[in-house]
Number of protein chains: 2
Amino acid sequence: MSAREQRQVASDAGLSKQRMVVEAVRLADREGVDGLSMRRLAGELGAGAMSLYRYVASKDELLDAMVDLVFEEIELPLEETGWQSAMRRRAVSTRQVLAGHPWAIGLLESRTSPGPANLRHHEAVTACLRRAGFTVVMATHANWLLDSYVYGFALQEAGLPFDTADEFADMGEGVYLPQLPPEEFPYLNESAAALVAGGYDPADEFTFGLDLILAALEPLRAAA
Amino acid sequence: MSAREQRQVASDAGLSKQRMVVEAVRLADREGVDGLSMRRLAGELGAGAMSLYRYVASKDELLDAMVDLVFEEIELPLEETGWQSAMRRRAVSTRQVLAGHPWAIGLLESRTSPGPANLRHHEAVTACLRRAGFTVVMATHANWLLDSYVYGFALQEAGLPFDTADEFADMGEGVYLPQLPPEEFPYLNESAAALVAGGYDPADEFTFGLDLILAALEPLRAAA
DNA sequence: CGGTGTACGCGTACAGTGTACGCAACGGCT
DNA sequence: AGCCGTTGCGTACACTGTACGCGTACACCG
């Protein structure tokens, strides 16, 4: 079977923007966003690179669509359980989704036109907060605060060179401490030693901060 | 004067890693990180592209150094004014610095080995919190929370397609509202209208969230 | 049946990218 | 004078995004 026939077979599923975006997300998950090129994506789809330009105007537009697809994985908040629980579930879901697609975080800052999924989320969160009694201004404050915290946490977590408490302990002793002369970094040394000894797991940080923020927002609900 | 002689004159200042990094940060500020290439940087320095590889092993190493230079601009916390004031000043400084170098935010997630300036900051912040009475674990919690909030805020702020309250008002009415059918996005419409009418400035969000977090951390100081 | 328009696919070419390799020039030292 | 180290960098290679234009297939119409 010639290369063209092979491509024909692959394309019998038909190229589409949806197929492209899904495959692009897979490729970015495996190789990072730097490993995503139009030629490589076309190879994965059994198509020519220039065929992709029938479905997206540019690589930038593809990246926009990829970010929106990631947003679609985030759960919409359910209000039946109360605003705090709904916000918590949404925050946990966002963090999990971004942990699965760490390349997407770095793209958030350069996507200036939010996609449909992003807008739907924004509407759902705003609805939940308003119905819980927050004023428009307070709901906006809460939205900013929660999103900032969640995205910032995901950003930092993505930059960690380990995934588990054990790996943290190993790196702490094998990599970090040797680089931190105690006379120059006494507090970091103290912290590293105490945290490793205490079985510290940075994954626990998320709920600590989230709980603190949600608790601090509660009294602001009925602000006049 | 031949091209070589021109370059010789320019190079009389001598290439160095420091000069490269400073110039690279300037270029990224003007053109974004996508506009930064080794050839363009070399052109700015009056050198050949391959000369740069005497001072950095790779473009990745240059990016690491750029991020660390940005960290150096952030003020170290001064404790004389109390831990809250010190944390607030550091947070405000971080936000200002990242607002000036928005390209750096997206790089934070891929830099897994913190540079010297980053470590010095980490030590200074940890010292301040520990001396204010936070336990090692609580100081770590506070560090994570504050950094997550600040980086996340900077990330979102960098993605905003406007800079001032007036631009927000203009875009709200001219761009956003037309894209949000009221029957589909009733709460976003309500919010946009109310915020524009109230002279809302998203820049104020930062201090709202920061104040709330610092107030929520205060009772945790003497946690045993 | 032939002509036309549209949809789909994509090869070629261009200008740009990071960097391996190896060469040239210069200064210092013996 | 020769050797060595330092500094600079040109060439070449493989890869990148995408403008342009061409080929093929299909549907529709007269």
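The values are calculated or read from the model by the stated rules, or taken from the named source; none is laboratory data. Because the structure is predicted, anything quoted here is derived from the model rather than measured. So basically every Cβ, Gly included, is an ideal-geometry build from the backbone, and we count neighbours across all protein chains shown. Please note that ligands, DNA and RNA were not included when accessible areas were found on the heavy atoms of the full protein model with its side chains. Shrake-Rupley method; radii C 1.70, N 1.55, O 1.52, S 1.80 Å.
The simple Förster model, with R0 at 41 Å and r as the Cβ-Cβ distance, assigns A:Ala57 and A:Thr135 a FRET efficiency of 0.50. Solvent-accessible surface of protein heavy atoms, probed at 1.4 angstrom with all chains present, puts B:Asp211, A:Asp166 in the order A:Asp166, B:Asp211, largest first. Computed with every protein chain present, the accessible area of A:Glu190 is close to 70 Å² [probe 1.4 Å]. Across the alpha-carbon atoms of the protein assembly as shown, the computed radius of gyration and Dmax are 23.9, 77 angstrom.
Out of the total accessible area of segment B:117-219 (probe 1.4 Å, heavy atoms of protein only), what percent is carbon and sulfur? In segment B:117-219, the share of accessible area belonging to carbon and sulfur is 55 percent.
Each of A:Met50 and A:Asp204 was given a label point 7 Å from its Cα along the Cα-to-Cβ line. The distance between the two points is 5.9 nm. The stretch between A:Ser93 and A:Thr164 holds 23.7 nm of extra length on full extension. This uses 0.36 nm per residue minus the Cα-Cα distance. Across identical copies of the chain, B:Pro186 has label-point separations of 6.1 nm, listed in ascending order, with the point defined 7 angstrom from Cα along Cα→Cβ.
Which whole-number percent of Cα pairs in segment A:43-91 have a distance greater than 16 Å? Value for segment A:43-91 (Cα pairs over 16 Å): 60 percent.
Per the accessible-area calculation with a 1.4 Å probe, the total area buried between chain A and chain B rounds to 4900 Å². Accessible area per residue for segment A:178-224 is 49 Å², calculated with a 1.4 Å probe on protein heavy atoms, without ligands, DNA or RNA. Taking a point 7 Å from the Cα of B:Ser113 along the Cα-to-Cβ direction, the residues of segment B:40-58 with backbone N closer than 16 Å to it are B:55-58.
Rounded to the nearest 10 degrees, the angle from helix B:136-159 to the longest Cα principal axis of chain B is 80 degrees.
Compared with the dominant Cα axis of chain A, that is its longest principal axis, helix A:83-100 is turned about 50°. With respect to the axis relating copies B and A by rotation, the chain B residue whose beta carbon is closest, plus that distance in Å, is B:Gly152, 1.
The same position A:Lys17 in the other copies lies at 4.6 nm from this copy, comparing label points 7 Å beyond Cα toward the beta-carbon, shortest first. Taking every alpha-carbon pair in chain B and binning the separations at 10 Å intervals from zero gives 7, 25, 25, 22, 15, 5, 1, 0 percent.
Cβ-Cβ distance of B:Glu79 and A:Ala193, R₀ of 25 Å, FRET efficiency by 1/(1 + (r/R0)^6): the value works out to about 0.65. Taking the longest Cα principal axis of chain A as reference, the axis of helix A:186-197 is set at about 80 degrees.
Annotation for A:Arg89, label-to-label distances across the other copies: 4.5 nm (shortest first, one decimal, point 7 Å from Cα along Cα→Cβ).
With contributions of -39500 (n - 2.57) from each DSSP H run of at least four residues, the per-residue ellipticity at 222 nm computed over chain B stands at -20000 deg cm²/dmol.
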